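**Student:** This structure is in C-alpha cells; I'll ask about it shortly.
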Amino acid sequence: MMDIHKILKQLPHRYPFLLVDRVLEIDKGKSIKALKNVTINEPFFEGHFPNRPVMPGVLMLEALAQASALLSFDALNASPDEQMIYYFAGMEGVRFRRPVEPGDQLILEAELVRMKAGIFKFKTRALVGDEVAVEAELTCAMRAVK
C-alpha cells in the first residue's frame, strides 16, 4: 500500500491535477490497483457539466497514467527527480463505458505489458464498483529533462 504522503514523493503532480489518492495493491513490476475519490469539490465539475456533473474522460485517462507511473517507478526501484519526466506517449483502444460522477470511487488498475529503454506499455482500466468506466492501452515514456 502507498498513502498520499508516499504518492506525493513519487509524482510531481499537485492539486488540482494529482488524481491518485491511495495505492491499494502493487505487485512489483506487474500490476497496480489504486484509488481516486471523486468529490463534488473537484474544480472541473463547475463546468463539466453544471446540471449533470461528470468526470471528464481525459482526466480518467490521466489518473490511469499517474497510477501507471507509480508502477513504473516501483518496478525500477526509482524515484523521479528534476532531471527526469514521465510523459504520456500514446493511447490505444480507449473505450468509455460509464460516466463517473461525484461520490464515486474510481478504482484504477494497470498491468505492465512491456518495459524497454524507458518506454512502458500498460493495459489499464478504471472501475466504479464492478462496472468498467474506461479501458485503454497506455504508452508512457521516461525522458531526461533538457
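**Student:** I need every pair where a residue in the range 52-77 that is under 19 Å from Asp27 (Cβ atoms) has its Cβ under 6 Å from the Cβ of a residue that is in a helix (DSSP H, G or I) and at pLDDT below 95, sequence separation at least 6 or different chains.
**Tutor:** Note: pairs meeting the criteria are Leu70/Gln10; Phe73/Gln10.
**Student:** Could you grab me the full set of residues in the range 121-135 that are out of contact with any Lys or Arg (no Cβ under 7 Å at 6 or more places or on another chain), surrounded by 14 or more Cβ atoms within 10 Å (Cβ to Cβ) and over 12 Å from Met60 (Cα atoms)?
**Tutor:** Hits for the range 121-135 are Phe122, Lys123.
**Student:** In the range 112-146, what residues are part of a strand (DSSP E or B), more than 18 Å from Lys36 (Cβ to Cβ) and not β-branched (Val, Ile, Thr)?
**Tutor:** Those that are part of a strand (DSSP E or B), more than 18 Å from Lys36 (Cβ to Cβ) and not β-branched (Val, Ile, Thr): Leu112, Arg114, Met115, Lys116, Phe120, Lys121, Lys123, Glu137, Ala141, Met142, Arg143, Ala144.
**Student:** Search the range 98-123 for residues that are at pLDDT below 95 and of a type in the set (A, V, I, L, M, F, W, C) and pair each with any residue that is surrounded by 14 or more Cβ atoms within 10 Å (Cβ to Cβ) and assigned to a loop (DSSP other than H, G, I, E, B) when their beta-carbon atoms are under 7 Å apart and the residues are at least 6 apart or on different chains.
**Tutor:** From residues that are at pLDDT below 95 and of a type in the set (A, V, I, L, M, F, W, C), there are no pairs.
**Student:** Which residue is farthest from Ala78 (Cα to Cα), if the candidates are limited to the range 108-120 and must be surrounded by fewer than 22 Cβ atoms within 10 Å (Cβ to Cβ) and hydrophobic (A, V, I, L, M, F, W, C)?
**Tutor:** Val113
**Student:** Can I ask one more? How many of the residues in the range 114-146 are under 13 Å from the mean Cα position of the chain (by Cα) and not aliphatic (A, V, I, L, M)?
**Tutor:** Going through the range 114-146 one residue at a time, the tally reaches 8.
**Student:** Quick check on this structure: which one of Ile85, Ile32, Ile7, Ile26 is crowded, with 17+ Cβ neighbours inside 10 Å and farther than 23 Å from Val132 by Cα?
**Tutor:** Ile7
**Student:** From the list Ile85, Ile119, Ile107, which one is more than 22 Å from Phe17 (Cβ to Cβ) and aliphatic (A, V, I, L, M)?
**Tutor:** Only one candidate qualifies: Ile119.
The values are calculated or read from the model by the stated rules, or taken from the named source; none is laboratory data. Predicted model, so just to flag it, every value in this text is computed and none were measured. As a convention, Cβ positions derive from the backbone with ideal geometry for all residues, glycine included, and neighbour counts pool all protein chains shown.
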